[in-house]
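Worksheet: the structure to be examined is printed underneath.
No value in this document is a laboratory result; all are computed from the given coordinates. This one's a predicted model, so the numbers in the text were calculated from it and none came from an experiment. Here the Cβ positions follow ideal geometry from the backbone for every residue, glycine too, while neighbour counts run over all protein chains shown.
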Amino acid sequence: MLAFALILCVAADSTATCTPEELDLRRTAMQAVIINAPDRLPLILEQLKKRNDRCGTSLRRYFLEEVNRRYGEGYAPPRDKNGKALPGVDRMRYARDLAGDPDTTVQAFALNMLNGDTATSSIHVVGQVAKNTKVESIRQIALSVLIRSAARSAGELRAVYPSIKDPQMRLTIVRNVASNDSLAWQWLLDLAGTAKESPEVRAEALTLGLRTSLRDQGTRTALRSKGVATSNALASVYGKLNDASLRLQVVNVLSSRPDDEDAIEQLGKIAKSDTDYGLRQRALQGLQASHSKRALQLLAEISVR
C-alpha cells in the first residue's frame, strides 16, 4: 500500500522535511491506513516513536486523534461470516503506549483517552506517569484519571501519594482511597501516625481509618485469624498521636469493642498510664461497658493502684 509505505518511510527518516504541506500529505496517508489497514497501526506507531522532532510529535498526536475518532465510542469489532467477533482495534493500547511520550501535548491527549478506562493495565500506566513525571500539569491529569477510577485504582493512588506535594491533593487521595478500599485501614492509620504529615491529613486519615469495616466484628475476627490484630494496630497509632481529640477517637473505637480481647487490653493500658485524665476516664468507661472477666480484672487492678 502506497500510503503505508509513505508513512513508514517518513516516520523512520528523522531528516525528512516537515513543511506544512509535507505534514498534511503524511496525515492524509496515515488516515488512509487507519481506515483501511488497521492491522498496520502497531508498526506505524513504533516508527513514529523513533522521531522526537516536530514532525514526529505532530504525527503521533494526529495518530491518537484519528484512532480515537475512528475506533472510539460506537465502534464495533468486525465479525466473521458466522457472526463471531474478530480482533478489533484497541485504541486504549495506543493511548497506553503514548502515555509516557516525551511531548506533553501527546502525553496529555493519551492520558485523557485513558480517562474512565478501568483496565488494570491502563490504571497502572497512568499511576506510573503520576508517580514519575516531572511536569506538574501532566501529574494533575494523571491523578484526575486515577481518582475517577478510584474504585479500581486505590492501590495506584497509595503508591503515588508520597510523590504528591500539594496538601489539598494529598487529602483528596486519602479520601478517595478510604472510600474505595475497605482494606486500606492500615495505610490510613500509618498516615495518621506519621509525624511529618500535616495535622489535616493525620486527622482525616485517622477519622476515615476508624470508619472502615474494622468496626465490624466479623471483619476483625477474619483479620485476627490471619494474624492481624486490628485493636493492636489502633493502639500503635494511639502512641504516635499528640492531639487529645485524635487520641479520644481511638479510645472511642476501642471502647466500642466490648468483646474484643485486644481492645480490652489496650483500654486497660490507657486507663492505667495515660497522662490525660479525660482519656483515662473514657477508657475506664469502655472497660465498664464490657463484662468480660479480663475487663473486670483490669478494673480491680486499677482500683487498688
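Couple of notes before you dig in:
- Approximate spin-label separation LYS131-GLN297, in nm, with each point projected 7 Å along Cα-to-Cβ: 4.6
- Remark: the LYS240-THR104 segment gains 44.8 nm on full extension, using 0.36 nm per residue and subtracting the alpha carbon distance.
- Computed from the C-beta positions of SER163 and LYS50 and an R0 of 30 Å, the FRET efficiency is 0.55 to the nearest 0.05.
- The chain shape via C-alpha gyration tensor axes, a/c threshold 1.5: prolate
- Anisotropy class of the range 106-181 from Cα gyration tensor, a/c 1.5 cut: oblate
- Helix-only mean residue ellipticity at 222 nm for the chain, each DSSP H run of n ≥ 4 adding -39500 (n - 2.57), per residue, nearest 500: -21000 deg cm²/dmol
- For LYS165, the lysines whose Cα comes closer than 26 Å to its Cα, not counting residues fewer than 8 places off in the same chain, are LYS131, LYS134, LYS196, LYS240.
- Debye, to nearest 20: dipole size of the chain, +1 on Lys, Arg Cβ, -1 on Asp, Glu Cβ: 540
- Ordering VAL125, CYS55, ALA110 by the projection of their Cα atoms onto the charge dipole of the chain, which places +1 on the Cβ of Lys and Arg and -1 on the Cβ of Asp and Glu, puts VAL125 at the extreme positive end.
- Note on SER144 and THR120: the model spin-label points, each 7 Å out from Cα along the C-beta direction, lie 2.9 nm apart.
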